[in-house]
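Undergrad: Take this structure first; my questions come after.
The values are calculated or read from the model by the stated rules, or taken from the named source; none is laboratory data. If you're wondering where the values come from, they're calculated on a predicted model, not measured in any experiment. Don't worry about glycine lacking a Cβ; one is built from the backbone with ideal geometry, like all the others, and counts go over all protein chains shown. When the accessible area is computed, the model is the full protein with side chains, heavy atoms only, and any ligands, DNA or RNA have been set aside. Shrake-Rupley method; radii C 1.70, N 1.55, O 1.52, S 1.80 Å.
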Amino acid sequence: MYVAVKGGERAIENAHRLLAHERRGDRAVPEVTLAQISEQLSLGVDRVMTEGSLYDRELAALAIKQARGDLIEAIFLVRAFRATLPRFGATEPVETGAMAVRRRISSTFKDIPGGQILGPTFDYTHRLLDPQLADGLVPEPPATAEASSAATPRVTDILGRDGLIEPSPEAGAETPVGDLTREPLDFPADRDLRLQNLARGDEGFLLALGYSSQRGYGRNHPFAGEIRFGEVEVEFMAEDVGFAVPLGSIRLTECQMVNQFKGSASEAPCFTRGYGLAFGQSERKTMSMALVDRALRASELGEEVLAPAQDEEFVMSHSDNVQATGFVEHLKLPHYVDFQSELGLLRKLRKEFFEAAETSSSMQEAAE
């Protein structure tokens, strides 16, 4: 039996010791390793890296272990660590069109150049618990084939050749890209900041907003133009040598949504687009991100802003789960003085109310 300990620093120290004990769990059960978390809980690691804004599988696995599986707490830990790192510069934009694809699907065309590649996915599983996994099932080796050299152009690029979809919105080459990790959020926000915000935003929040936009709260009729997952090379411009040098490769998921068309008296109707990009295999996140990105372009596309998913300030101010956690969980901290103040005010108001009611009753009886 554990006994609550009172008394400032001593209580906090004992709470930390108890937390470490609970984190470890039964000593008779082997301790989980970072490699196990990284390899076998990979989708959780991918989410922590994406919303923590730091591509490091080992650190994300460590954060998940330290947070006892609480992904939002793990995201907080990763962001706190990230804030201590030196900033050497910015890499070159990654070329997702040259991605070494592990998974690539499109719901708009059955036959696409390079083919549909199902890859690792839950999409066709039966959603039944597998008791064999509890016994340490060793799966069969996956089917293998020689890598194809066929090009895999983006579906939106194919539509763009015929003018059937709007050009991808791009800022000028000299326009500086904002950085939400170093600058406070301000409104109105350009699309670069909006996409950064959505990439760091809580997956569940974006999922709910994306769902709402499909149900009529955001004028959104989407098709998954393409979802691709694979490896892309990251390059850094080395000023000493005068050209970009490769730093390595990272895994990304990219989603391009094809949305309802628009037109005007001077422009022919064409499809519009929404975009999502995240670390690792993060399909639900990137799809939700692309839906909300399109909804947030309402003003840009001349649409009336009516739904929450279209409201830039609402979405961007409430999407960050670290900020949201701080505001919600701070309610657990002592608020004794504030509450006593409100309690005193409430008692005073109630006393005045009953005194006024008694006076009114006495005056009414006297009048009768």
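Undergrad: With a 1.4 Å probe and every protein chain kept in, tell me what percent of the accessible surface of segment 3-78 is carbon plus sulfur.
TA: Roughly 55 percent of what the probe reaches on segment 3-78 is carbon or sulfur.
Undergrad: Distance between Cα centroids, segment 1-80 to segment 162-230: provide it in whole Å.
TA: With segment 1-80 and segment 162-230 each reduced to a Cα centre, they are spaced 31 Å.
Undergrad: Rank these residues by their accessible area, most exposed first, probe 1.4 Å: SER107, SER266, SER361.
TA: My answer, sorted largest first, is SER266, SER107, SER361.
Undergrad: Can you grab the distance from the C-alpha centre of segment 256-297 to the C-alpha centre of segment 316-368, Å, no decimals?
TA: 46
Undergrad: If you build a Gaussian network model of the chain, linking Cα atoms that sit under 10 Å apart, which residue out of ALA74, ALA98, ALA20 swings the most?
TA: With Cα springs under 10 Å in the chain, the top fluctuation among ALA74, ALA98, ALA20 is at ALA20.
Undergrad: Based on the mean of other beta carbon atoms within 10 Å per residue, what is the order of 330-336, 320-326, most packed first?
TA: So the peptides 330-336, 320-326, ranked by packing, come out 320-326, 330-336.
Undergrad: Answer with one residue from THR96, THR325, TYR217: the one whose Cα lies farthest towards the positive end of the charge dipole of the chain, charges on Cβ with Lys, Arg +1 and Asp, Glu -1.
TA: Of THR96, THR325, TYR217, it is THR325.
Undergrad: Are there any chymotrypsin sites (Phe, Trp or Tyr not before Pro) in segment 64-104 that are in a DSSP loop and have at most 15 other Cβ atoms within 10 Å? List them by number.
TA: Sparse-neighbourhood loop chymotrypsin sites (Phe, Trp or Tyr not before Pro): PHE88.
Undergrad: Please give me, ordered by residue number, the GluC sites (Glu not before Pro) of segment 231-283 that lie in loop per DSSP and have at most 14 other Cβ atoms within 10 Å.
TA: GLU239, GLU267
Undergrad: Rounded to the nearest 500, what is the 222 nm mean residue ellipticity of the chain from helices alone, with -39500 (n - 2.57) per DSSP H run of 4+ residues and division by all residues?
TA: Value at 222 nm, helices only: -12500 deg cm²/dmol.
Undergrad: With the alpha-carbon atoms as the only input, what is the per residue convex hull volume for the chain in Å³?
TA: Taking only Cα atoms, the chain has a hull volume of 297 Å³ per residue.
Undergrad: So what is the accessible area of the chain per residue, in Å², with the probe set to 1.4 Å?
TA: Value for the chain: 66 Å² per residue.
Undergrad: Here is a follow-up. Quick check: pseudo-label points 7 Å beyond the Cα along Cα→Cβ at ALA151 and GLN116, how many nm apart are they?
TA: According to this spin-label approximation, the distance is 2.3 nm.
Undergrad: Using Cα-only point scatterers and the Debye equation, what is log10 of I(q)/I(0) for segment 245-350 at each q in 0.14, 0.23 Å⁻¹, rounded to two decimals?
TA: Normalising to I(0) and taking log10 leaves -0.78, -1.21.
Undergrad: Averaging over all projection directions, find the projected area of the Cα convex hull of segment 167-220 and quote it in nm² with one decimal place.
TA: Its average projected convex-hull area is 5.1 nm².
Undergrad: Then there is this: What order do PHE314, PHE122 take when sorted by accessible area (1.4 Å probe), most exposed first?
TA: PHE122, PHE314
Undergrad: Ok, one more. Anyone know which of ASP26, ASP157, ASP240 comes out most mobile in the 10 Å Cα GNM of the chain?
TA: ASP240
Undergrad: Follow-up. Along each of its three principal axes, how wide is the spread of alpha-carbon positions in segment 1-145, in whole angstrom units, largest first?
TA: Per principal axis, max minus min of the Cα coordinates gives 68, 48, 25 Å.
Undergrad: For LYS262, LYS351, LYS285, LYS110, give me the order by solvent-accessible area with a 1.4 Å probe, most accessible first, ignoring ligands, DNA and RNA.
TA: Final ranking, largest accessible area leading: LYS110, LYS351, LYS262, LYS285.
Undergrad: Hey, got the Cα dimensions of segment 3-69 along the principal axes, in Å, largest first?
TA: Here the spans come out as 40, 31, 13 Å, largest first.
Undergrad: Okay, moving on. How big is the shadow of the Cα convex hull of segment 44-130, averaged over all directions, in nm²?
TA: Reported value for the Cα convex hull: 8.9 nm².
Undergrad: Leaving ligands, DNA and RNA out of it, work out the accessible area of PHE236 with a 1.4 Å probe and give it in Å² to the nearest 10.
TA: Roughly 60 Å² of PHE236 is accessible to a 1.4 Å probe.
Undergrad: Quick check on segment 92-198: what does the Kirkwood estimate of hydrodynamic radius come out to from the alpha carbon pairs, in Å?
TA: 18.7
Undergrad: Once you wrap a convex hull around the alpha carbon atoms of segment 318-361, what is its projected area averaged over all directions, in nm²?
TA: Here the figure is 4.8 nm², rounded to one decimal.
Undergrad: Mind giving me the nanometre distance, one decimal, between the label points for PHE327 and ALA100, set 7 Å out from Cα along Cα→Cβ?
TA: 4.3
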